[in-house]
1. Can you pull out every residue in region 152-175 that is charged (D, E, K, R) and touching a residue at least 12 places away in the same chain (Cβ under 8 Å)?
2. Determine, yes or no, whether GLY166 is assigned to a loop (DSSP other than H, G, I, E, B) and farther than 26 Å from ALA28 by Cα.
3. Scan region 69-78 and tell me whether some residue there is assigned by TED's automatic domain parsing to the domain that holds HIS192 and not in a loop (DSSP other than H, G, I, E, B).
4. Select from region 2-58 the residues that are aromatic (Phe, Trp, Tyr) and either over 22 Å from the mean Cα position of the chain (by Cα) or assigned to a loop (DSSP other than H, G, I, E, B) (or both) and write down the one among them that is nearest to PRO152 (Cα to Cα).
5. Inspect region 198-212 for any residue being under 19 Å from the mean Cα position of the chain (by Cα), buried (at least 18 other Cβ atoms within 10 Å of the Cβ) and assigned by TED's automatic domain parsing to the domain that holds GLY239 and give the result as yes or no.
6. Has region 182-202 got at least one residue that is part of a strand (DSSP E or B), of a type in the set (Ser, Thr, Tyr) and either within 27 Å of SER228 (Cβ to Cβ) or in contact with a strand residue (DSSP E or B) (Cβ under 8 Å, 6 or more places away or on another chain) (or both)?
7. With (1) in contact with a Pro (Cβ under 6 Å, 6 or more places away or on another chain); (2) without any contact (Cβ under 8 Å) to a residue 24 or more places away in the chain as the list, and SER205 as the residue in question, which single condition is left unmet?
8. From ILE94, ILE102, grab the single residue that is in a helix (DSSP H, G or I) and in contact (Cβ under 8 Å) with a residue 60 or more places away in the chain.
Amino acid sequence: MEEFDQLAAPGYPVFLGSEFEQPAEVDALFQVIPIPYEASVSYGGGTADGPKTILEASWQLEQWDGKSIPGQEGIFTHAPIDCSGEPADVIEAIGQVTRRVIERGQIPVGIGGEHTVTYGLIKGMLDAGERDFGVVQIDAHADLRDRYEDNPYSHASVMKRIVDEGIPLLQLGIRAICEEEMQTRKEFGIAHYDAEALVPTNVSSVQLPEGFPKRIFFTVDVDGLDPSVFPSTGTPVPGGLGW
């Protein structure tokens, strides 16, 4: 088993730490925020282990991403968010960390955890005064239910919370959606390229809708990818995106 000589917290190695020393928090452009939240998963579990596992695996990645070496801009990995409280309290805790990051002009990179954590990141941006941005979502599910199992902070409701804040949304790869969510799409004018439009013709890029903000908050649920590509998800749906 690999031993990690740079830790953000006990058991949590820093992101991409095999070649770069972690800089001071105030000096790093990219701020990795581990969020081991697992409260409303509705089928398979394990999301609480996601951040730690991703950080461990990141030590096996090459530093060159095809265009640049992000580590040269500075990557700081925070200690994991305490996710033991009520959903609203966890969202508030995520938001507080994110707000500080945004106010320093840095870029937050949240690693969940179930998809609910995205709302905490968005709340932090809004609390910091940011509004001129849109959300691009890769997912198998629309996540637009107003409540799921009587929980407004369910992973199945996270995108509804975001559009309720007035944030434009573009959905990519959706292939599991209920009637309520279809109505929400119409009500809020939510742009979407569902899996049935992308997968059969192997579309590799799409154009942002006219008038969509140029500044993007990008959120990825791993089940947006096809289970043949990414089987390690609690809610696999066939017919998804390729790598």
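The values are calculated or read from the model by the stated rules, or taken from the named source; none is laboratory data. Owing to the predicted nature of the structure, the values given are computational and were not obtained by experimental measurement. Cβ coordinates were reconstructed from backbone atoms using ideal geometry, including for glycine residues, and neighbour counts include every protein chain displayed.
1. So the first thing to find is which residues in region 152-175 are charged (D, E, K, R), and the list is 160-161, 164-165, 175.
Across region 152-175, the qualifying residues are LYS160, ARG161, GLU165, ARG175.
2. On the way: assigned to a loop (DSSP other than H, G, I, E, B): yes; farther than 26 Å from ALA28 by Cα: yes.
Yes: the conditions hold for GLY166.
3. no
4. TYR37
5. No, the conditions are met nowhere in region 198-212.
6. Residues of region 182-202 part of a strand (DSSP E or B): 191-193.
Add one more test, that the residue is of a type in the set (Ser, Thr, Tyr), and what stays is 193.
Retained after the next criterion (residues that are either within 27 Å of SER228 (Cβ to Cβ) or in contact with a strand residue (DSSP E or B) (Cβ under 8 Å, 6 or more places away or on another chain) (or both)): 193.
The answer is yes, given that some residue of region 182-202 is part of a strand (DSSP E or B), of a type in the set (Ser, Thr, Tyr) and either within 27 Å of SER228 (Cβ to Cβ) or in contact with a strand residue (DSSP E or B) (Cβ under 8 Å, 6 or more places away or on another chain) (or both).
7. Unmet for SER205, out of (1) in contact with a Pro (Cβ under 6 Å, 6 or more places away or on another chain); (2) without any contact (Cβ under 8 Å) to a residue 24 or more places away in the chain: (1).
8. Unique residue meeting the criteria: ILE94.
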